[in-house]
Amino acid sequence: MDKETDSIPRNRLAPREIDATDRKILGVLVEDATISYAELGDRVGLSPPAAHERVKRLRRSGAIRGTAAIVDPNAVRKPLLAFVHIDTKGWGKTPELMAVSQYPEVEEIHTVAGDTCVLLKVRTEDTRALEGLLSRLYETPGVTTTRSYVVLSTYLERPVQPGVTAQWPTPSHMSKPLY
């Protein structure tokens with residue numbers, strides 16, 4: 001998208017801050033991306049054309065990266081959710097390790113700070129499939145150990161939320177300064 005065509009740069013919108021109305025729009029779209037512009041406008045206090053124009057701007061700016069269906073894991077026979085921590089020799093993000101992204105069971109790959117190098121979020125049909133994925137990981141050059149955390153129950157799982165916490169509560173033990 002950022003490439004030049006025939007030495008002519010594409011017109012780009014100037015970066016624009018996400019305002020309160022944009023956040024409202026994003027919040028509604030996160031709940032239901034199939035909502036009509038008329039309904040969206042009603043929910044955020046805009047006319048349908050104004051809501052449509054805002055959504056187009058949010059798409060062009062990259063604030064909305066795409067639209068996707070949220071699939072029920074049970075419907076596609078992937079009820080087992082696990083987080084796999086991977087330890088490696090040296091820098092963890094190697095092309096060989098990133099190749100596990102070819103498996104549809106691997107939903108997310110993150111390099112992380114802390115006591116592990118790479119974190120995977122995976123969904124499989126059962127423990128045998130998880131074991132197969134772990135076996136594949138151990139065949140990867142540089143992988144030294146893995147730790148798997150199988151999810152028993154999920155209480156909150158959601159996409160990125162557009163809201164921002166204005167002020168975090170102060171823990172009671174920190175409410176009075178020492179000096």
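Brief remarks follow.
- Residue among Ala63, Ala68, Ala166, Ala99 that is surrounded by 11 or more Cβ atoms within 10 Å (Cβ to Cβ) and within 25 Å of Gly27 (Cβ to Cβ): Ala63
- Taking each residue of segment 112-140 that is in the same structural domain as Lys89 (by TED's automatic domain parsing) and looking for partners that are aromatic (Phe, Trp, Tyr) and surrounded by 12 or more Cβ atoms within 10 Å (Cβ to Cβ) with beta-carbon atoms closer than 6 Å, six or more apart or interchain, yields Lys121/Phe83.
- Test result for Thr140, hydroxyl-bearing (Ser, Thr, Tyr), in contact with a helix residue (DSSP H, G or I) (Cβ under 8 Å, 6 or more places away or on another chain) and outside any loop (DSSP other than H, G, I, E, B): no
Listed here are the residues, each with its yes/no results for (1) within 30 Å of Ala75 (Cβ to Cβ); (2) of a type outside the set (Gly, Ala, Ser).
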{"position": "Leu120", "(1), (2)": "yes, yes"}
{"position": "Leu134", "(1), (2)": "yes, yes"}
{"position": "Val151", "(1), (2)": "yes, yes"}
{"position": "Gly163", "(1), (2)": "yes, no"}
{"position": "Gln167", "(1), (2)": "no, yes"}
{"position": "Ser175", "(1), (2)": "no, no"}
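- Condition broken by Ala69, with the remaining ones in (1) free of Cβ contacts under 8 Å to residues at least 40 places away in the same chain; (2) assigned to a helix (DSSP H, G or I); (3) of a type in the set (A, V, I, L, M) satisfied: (2)
- Just one of the numbered conditions (1) touching a helix residue (DSSP H, G or I) at 6+ places or on another chain (Cβ under 7 Å); (2) surrounded by 15 or more Cβ atoms within 10 Å (Cβ to Cβ); (3) under 29 Å from Ala166 (Cβ atoms) is not true of Glu105: (3).
- Among (1) outside any helix (DSSP H, G or I); (2) at pLDDT 95 or above; (3) not charged (D, E, K, R) - the single one Leu29 does not satisfy: (1)
- Selection status of Arg43, surrounded by 18 or more Cβ atoms within 10 Å (Cβ to Cβ), at pLDDT 95 or above, of a type outside the set (A, V, I, L, M, F, W, C) and on the phi < 0 side of the Ramachandran plot: no
- Matching residues in segment 79-113 - criterion: being of a type in the set (D, E, K, R), within 19 Å of the chain's Cα centre (by Cα) and part of a loop (DSSP other than H, G, I, E, B): Lys93, Glu105
- Taken over segment 166-179, the criterion of being among the small types (Gly, Ala, Ser) and part of a loop (DSSP other than H, G, I, E, B) is satisfied by Ala166, Ser175.
- The residues in segment 114-125 that are outside any loop (DSSP other than H, G, I, E, B) and either acidic (Asp, Glu) or more than 14 Å from Thr140 (Cβ to Cβ) (or both) can be counted, and the count is 5.
- Residues that are farther than 13 Å from Arg59 by Cα and part of a helix (DSSP H, G or I), drawn from segment 16-26: Ala20, Thr21, Arg23, Lys24
- Qualifying residue in segment 149-165 (condition: more than 30 Å from Ile70 (Cβ to Cβ) and not in a strand (DSSP E or B)): no
The values are calculated or read from the model by the stated rules, or taken from the named source; none is laboratory data. Bear in mind that the values here come from a model prediction, so they are computed numbers and not experimental data. Glycine also receives a Cβ, built like all others from the backbone with ideal geometry; neighbour counts cover every protein chain displayed.
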